[in-house]
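First the structure, in the form of structure tokens, and then the observations on it.
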Amino acid sequence: MLADQLDYVVGVDPHRDSHALAVVQVLTGAVVFETTVAASSQGYVQALEVVDEHASGRRVFAVEGTGSFGAGLTRFLSGRGERVLEVSRLRRERCSGGKTDALDAVRAARSVLGQERPATPRAGGERQALQALVAAREGAVNAKCAGLAQLRDLLVTTPEPLRSELRPLTQAPLLRRLAATRPEGRRDPELRGSMLALRSVARRVRAAAAS
């Protein structure tokens, strides 16, 4: 069991701007030290310095959200040769803040002690870079689809005769035509407003498609 291999577990409850840490002694289950550090490079260094001072024996970091708010700290600790375990999302009965964050850090630490095979964070490096690229690509595809849907809605209410001129065009020619349109010289305010909206959306769609 993991508890037989350790002297300390450092629980971490990460948030966007700060991380709560709690050092728990395995033998007694007592909380040795609690603190909060900034979610930044300087804060990560401070966290390791504090842990070196209060948990100098065999230790492991139990971090909730190693793939989200805890990703930066996890990457830093792994790079320093520290062992990091992933904690499943804890059930919270109160809003985060102050003492609650400290308690969640303690719970994160204690949650791994009874596990036979605690989870380890997924590998970073190329895998993490690929995930970021896939996420960016999915965002661009979603933006393109949303823009095309918006264009279809706008075309329904576009004033004539422009609406009839645009209807036969397929997607690519339509986007080119709308992206290059110059509505500033139109006197009809309704037509000018429709053209401005269509041009804006068309350019956004083309930009998303090029991403």
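Each reported figure results from applying straightforward, stated rules to the coordinates on display, with no laboratory input. The model shown is predicted, which means the values in this text are computed figures rather than measured ones. Backbone-built Cβ (ideal geometry, glycine too); neighbour counts: all protein chains shown.
Which pairs have Cβ atoms under 6 Å, sit 6 or more apart or on different chains, and link a residue in region 152-173 that is on the phi < 0 side of the Ramachandran plot to one that is charged (D, E, K, R)?
Within 6 Å, the pairs are Pro159/Glu190.
Regarding region 39-56, can at least one residue be identified that is more than 14 Å from Val112 (Cβ to Cβ), among the hydroxyl-bearing types (Ser, Thr, Tyr), touching a residue at least 60 places away in the same chain (Cβ under 8 Å) and in contact with a helix residue (DSSP H, G or I) (Cβ under 9 Å, 6 or more places away or on another chain)?
Within region 39-56, none of the residues are more than 14 Å from Val112 (Cβ to Cβ), among the hydroxyl-bearing types (Ser, Thr, Tyr), touching a residue at least 60 places away in the same chain (Cβ under 8 Å) and in contact with a helix residue (DSSP H, G or I) (Cβ under 9 Å, 6 or more places away or on another chain).
On the given criteria, is Gly57 over 26 Å from the mean Cα position of the chain (by Cα), over 16 Å from Ala71 (Cβ atoms) and exposed (fewer than 13 other Cβ atoms within 10 Å of the Cβ)?
When the stated conditions are applied, Gly57 passes them.
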